[in-house]
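The next block holds one structure in the form of structure tokens; read it before the comments.
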Amino acid sequence: MNEASHPRVAPLSQDEAFARIRLLRSPNIGPVSYAMLLARYGTAVEALEALPELGKGGKRQYRAAPFDKIEREVEGVRKAGAKYLFHDQSDYPRLLGEIDGAPPIVTYRGELSLALKPCVAMVGARNASAAAVKLARDFAAGLAEAGFTVVSGLARGIDGAAHEGAMPSTIGVIASGIDIAYPPQHTELQERIASEGLLIAEQPPGTEPRGSHFPSRNRIIAGLASGTLVVEAAVKSGSLITARLAGEAGREVMAIPGSPLEARSHGCNHLIREGAVLVQSPEDVVELLTGFDGQPRSTFREPVAQFDFSHEEMAEAEPADIASLLTTAPVAIDELIRQSGESAAAVQLALLELEIAGRLERHAAGRVSLSS
């Protein structure tokens, strides 16, 4: 969440914790706008009070998430045997907090300490070859033995093999609510991860996975780890999205090469050609990630520009007039700052007001556009 995030604080009061959940579940509020609101107003209680005024640019009266809806969510988390983790709590994973749009609130079951150890993400094809599944299982076992926590997304194929090989030193990040098993054939594996490893969900309990949830899940997988390893993948796949997100976050991107005759290897070979590090053994991964200092050897994707400003700047800023610079075509935020001549805080505040009013969409790589 970078400089725009709320500073680490003492334990939350129940009222503030409830208000934070309600704020994040309110219409047009995402991780970025949530962080901006906390930076500007100091507490979620005060941010909720300000939302109707900020949302006046929309075509209808703005209403925050209903109180009773959040009460049901909190009860659902409790019934699932899960807990909430807020972005400024001391056991929130440091690397995850550094990514652009880090999840402000997640729910979890299991050993949270696993996320505080050195982590490596392992991803790959759902329809993986038998050889790649065995390779993923062996790699994960070797990495766990070397002291790493293996992070993956509980999908079929490579993900499942990575979890099994690393058990119990593994984190499963799911695109559904914490109480929903997906895919159904991994119900037993998901429960085992929750019992012996760590299971993390960003969506509220009871949420079935949708297509839009998977890129969000992928950013958490990449964000938890100092490096992402792609074992086997096609060129157009979710695994390469995770690799791109890792590269944008300034993390190591690694790939295992494969035969050019095998379509499922083309994604890995493409990554290596574009700057990912070629690895052939768990020892290669350990060497790359041991003592990772934020300077990856891979050159796959340049990190996205960050917009650092203090909480004081955000609290005192007046929104810039940038609506005329926006169209339905995505544009980088740093370009808006450059063309408007305004401060980063003023531009971000203007974007925040447009987003709450339902007039702005945020895209990957720090880009925004007017809603279509």
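The values are calculated or read from the model by the stated rules, or taken from the named source; none is laboratory data. Bear in mind that the values here come from a model prediction, so they are computed numbers and not experimental data. As a convention, Cβ positions derive from the backbone with ideal geometry for all residues, glycine included, and neighbour counts pool all protein chains shown. Protein only, heavy atoms only, side chains kept; ligands, DNA and RNA dropped before computing areas. Shrake-Rupley method; radii C 1.70, N 1.55, O 1.52, S 1.80 Å.
Being closer than 25 Å to Ala365 by Cα and without any contact (Cβ under 8 Å) to a residue 12 or more places away in the chain is true of Ser212. Among the numbered conditions (1) open to solvent by 20 Å² or more (accessible area, probe 1.4 Å); (2) part of a loop (DSSP other than H, G, I, E, B), the only one that Ala233 does not meet is (1).
Take the residues of the range 249-267 that are under 25 Å from Ala332 (Cα atoms) and open to solvent by less than 20 Å² (accessible area, probe 1.4 Å): which is modelled with the lowest pLDDT? That would be Gly250. Of all residues in the range 132-155, those that are under 27 Å from Glu202 (Cα atoms) and assigned to a helix (DSSP H, G or I) have Cβ atoms under 7 Å from Cβ atoms of residues that are charged (D, E, K, R) and at pLDDT 95 or above, 6 or more apart or on another chain, in Arg137/Glu164. In the range 179-192, the qualifying residues are those that are in a loop (DSSP other than H, G, I, E, B) and at pLDDT below 95, and the one that is most open to solvent (accessible area, probe 1.4 Å) is Tyr182.
When Ser195, Ser176 are checked against the criterion of being part of a helix (DSSP H, G or I) and either of a type in the set (D, E, K, R) or closer than 17 Å to Ala82 by Cα (or both), a single residue qualifies: Ser195.
So the check is Cβ under 8 Å with 6+ separation or different chains; which pairs have a first residue in the range 282-300 that's among the acidic types (Asp, Glu) and a second one that's in a helix (DSSP H, G or I)? Final answer for the pair search is Glu283/Gly142.
Residues of the range 156-168 that are surrounded by fewer than 23 Cβ atoms within 10 Å (Cβ to Cβ) and not charged (D, E, K, R): Gly157, Met167, Pro168. Has the range 41-50 got any residue that is at pLDDT below 95 and open to solvent by 70 Å² or more (accessible area, probe 1.4 Å)? Within the range 41-50 (the criterion being at pLDDT below 95 and open to solvent by 70 Å² or more (accessible area, probe 1.4 Å)), the answer is no, since none of the residues qualifies. The single residue among Ala141, Ala115, Ala136, Ala130 that is buried (at least 22 other Cβ atoms within 10 Å of the Cβ), out of contact with any Phe, Trp or Tyr (no Cβ under 7 Å at 6 or more places or on another chain) and over 20 Å from Leu85 (Cα atoms) turns out to be Ala136. Checked against (1) assigned to a helix (DSSP H, G or I); (2) at pLDDT below 90; (3) of a type in the set (A, V, I, L, M), Ala320 passes all but a single condition, namely (1). Test Ile241 against the stated conditions and say whether it is under 28 Å from Pro296 (Cα atoms) and without any contact (Cβ under 8 Å) to a residue 60 or more places away in the chain. Answer is yes for this residue.
Restricting attention to the range 255-287, the residues that are small (Gly, Ala, Ser) and under 22 Å from Gly147 (Cβ atoms) total 1.
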